[in-house]
Amino acid sequence: MGSLVSVVIPCYNASPWLEATIASVRAQTWRDYEIILVDDGSTDGSLALAQSLAGPDLRIVQQKNSGQCAAFNHGLRLAQGDYFEYLDADDLLAPEKIAVQMARLSTLPAGWIASGAWARFTTVPGDAVFQPEAVWRDLSPIEWLVTSWSGGGMMHGAAWLVPRPVAERAGPWNEQLSLINDFDYFTRVLLASPGIAFCPEARSFYRSGLAGSLSATTSRKSWESAFRSTQLGTDALMTREDSPRTRQAVAINLQRLVYSAYPYAPDLVAGAENRIRELGGSNLEPGGGPVFQMIRRWFGWKLARRVQLAGRRFRSRLPS
C-alpha cells in the first residue's frame with residue numbers, strides 16, 4: 001500500500017453536484033484514499049444524498065452551520081492520511097490527479113507540496129479550457145506568492161496536494177473568515193513548505209458562476225473577511241521577506257482588491273489605499289470597457305466604477 005491521502009470535502013447545500021464530486025474521487029487511480037465529508041448544516045438534502053453514497057471509503061460527519069473554514073478544520077482533525085486534498089463539494093478531480101502528484105512528490109525532499117493544472121467550468125467539465133499561467137511551474141514559496149499576487153495566476157483549493165506535516169506547521173483554517181478564506185490559509189501552507197512542484201497532468205475542475213456561492217457574495221461581512229484574509233496573508237509574506245519584490249506584490253494584490261471592493265466598502269478601501277501608499281504604490285490599472293476607460297481618464301476610476309455599476313443595475317431592470 002502507498003501513502004494514504006485524505007480528501008476533505010466541506011459541504012453546504014451542494015446536492016446538485018455532490019454525487020459527481022464524490023464520483024471523481026472514487027475514480028482516482030490512486031487507490032489509497034479516504035473521503036471525509038463534513039456536512040455544514042445543509043438544508044437541501046445534501047446530507048441524505050451523501051448517506052446514500054456511503055461506503056467504506058466515505059466517512060460522513062455533521063456539524064451545525066459554522067462555515068467552510070470550520071468544516072475544513074473538522075475534517076482535518078478526523079483525517080488519518082499522510083497527505084491532504086482539499087475539495088469543495090461542487091468541484092471535480094481528473095482520475096490521474098492524485099496519482100500524478102504523489103509520483104512527483106516521491107522524487108522530491110520531504111515537505112514539498114504539489115500544485116496542478118486547473119480550469120473553470122459552469123455545467124459540463126468538458127467545456128473547461130486549461131490556460132497556462134505564470135505560476136504553472138516549480139517555484140519556491142516566496143517566488144510563487146510574488147508571481148501570483150503580481151498577476152501571474154492562482155490555484156483553487158483542489159489543485160493542491162499537501163503533506164500532513166506541512167499542513168500542521170501552517171495551522172488551522174481561520175474560522176473568522178468567509179470570503180477568500182483560502183488566501184490566508186494557503187499562504188501559510190506555502191510558507192511552511194520548501195517548494196511547490198507543478199504537475200501539468202494533475203488536473204482539477206473549478207465550478208464557477210453559481211448563484212449564492214461563497215465567492216459570489218458581496219455583503220459587508222464578506223468584504224471584511226476578504227480584507228482581513230488579505231491582510232493576514234500579506235503580513236505573513238512580509239514577515240518572511242520584506243523586500244522591494246514582496247512590497248510590490250503586496251501592493252498590487254491590495255490594489256486588485258480595492259478595485260473589486262469599491263464602492264461597497266469605502267472605509268476598507270481607504271485603509272487599503274493607505275497601505276498601498278506605504279508600500280510604494282501600485283501601477284495596476286483597473287479593468288473596464290471603452291466607456292469605463294473614457295470616464296476614468298477624465299474623472300477618475302471611482303466615478304467610472306459608479307457609473308459602470310449604475311449601468312448594470314439599469315440594464316438588469318429592463319424587461320427581457
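Restricting attention to the range 286-320, and to residues there that are among the polar types (S, T, N, Q) and more than 12 Å from Pro263 (Cβ to Cβ), which single residue is surrounded by the most Cβ atoms within 10 Å (Cβ to Cβ)? Don't jump to the end; show me each part of the working.
Of the residues in the range 286-320, the ones among the polar types (S, T, N, Q) are 293, 308, 316, 320.
Checking which are more than 12 Å from Pro263 (Cβ to Cβ) leaves us with 293, 316, 320.
Details: Gln293: 15, Ser316: 8, Ser320: 3.
Looking at residues that are among the polar types (S, T, N, Q) and more than 12 Å from Pro263 (Cβ to Cβ), I get Gln293.
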key: Enumerated strands (runs of 3 or more DSSP E) restricted to the range 10-87, each holding at least 3 residues that are closer than 15 Å to Trp173 by Cα   = 83-86
The range 153-182, residues that are closer than 21 Å to Glu241 by Cβ and surrounded by fewer than 23 Cβ atoms within 10 Å (Cβ to Cβ) = Gly153, Met154, Val166, Arg169, Ala170, Gly171
Matching residues, the range 64-94, being open to solvent by 20 Å² or more (accessible area, probe 1.4 Å), out of contact with any strand residue (DSSP E or B) (no Cβ under 6 Å at 6 or more places or on another chain) and either aromatic (Phe, Trp, Tyr) or over 25 Å from Ala202 (Cβ atoms) (or both) = Lys64, Ser66, Gly67, Arg77
ask   = Restricting attention to the range 20-30, does a residue exist that is of a type outside the set (S, T, N, Q), at pLDDT below 95 and more than 21 Å from the chain's Cα centre (by Cα)?
value = no
ask   = Going by the conditions given, is Ser115 under 24 Å from Ser3 (Cα atoms) and open to solvent by less than 40 Å² (accessible area, probe 1.4 Å)?
value = yes
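Checking the structure you have, find out if any residue of the range 57-70 is acidic (Asp, Glu) and under 26 Å from Thr122 (Cβ atoms). I'd like the intermediate steps shown before the answer.
Here is the first cut: in the range 57-70, the ones acidic (Asp, Glu) are 57.
From what's left, under 26 Å from Thr122 (Cβ atoms): none.
The answer is no; no qualifying residue exists.
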request  = Kindly provide the set of residues from the range 121-145 that are open to solvent by 20 Å² or more (accessible area, probe 1.4 Å) and closer than 21 Å to Thr239 by Cβ, ordered by number.
outcome  = Ser140, Ile142, Glu143
note = If you go through Ala170, Ala110, Ala202, Ala114, the only one that is aliphatic (A, V, I, L, M), farther than 29 Å from Asn65 by Cα and touching a Ser or Thr at 6+ places or on another chain (Cβ under 9 Å) is Ala202
inquiry  = Looking only at the range 261-281, how many residues end up being touching a residue at least 12 places away in the same chain (Cβ under 8 Å) and under 25 Å from Leu309 (Cβ atoms)?
reply    = 11
Elements of type helices (runs of 4 or more DSSP H) contained in the range 94-190, each with 1 or more residues being without any contact (Cβ under 8 Å) to a residue 60 or more places away in the chain and not hydrophobic (A, V, I, L, M, F, W, C) = 141-147, 164-170
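The values are calculated or read from the model by the stated rules, or taken from the named source; none is laboratory data. Remember, it's a predicted structure, so these values are computed and weren't measured experimentally. Because the Cβ atoms are built from the backbone with ideal geometry, glycine has one as well, and the counts that use them run over all protein chains shown. All accessible areas refer to the heavy atoms of the entire protein, side chains included, with ligands and DNA or RNA removed. Shrake-Rupley method; radii C 1.70, N 1.55, O 1.52, S 1.80 Å.
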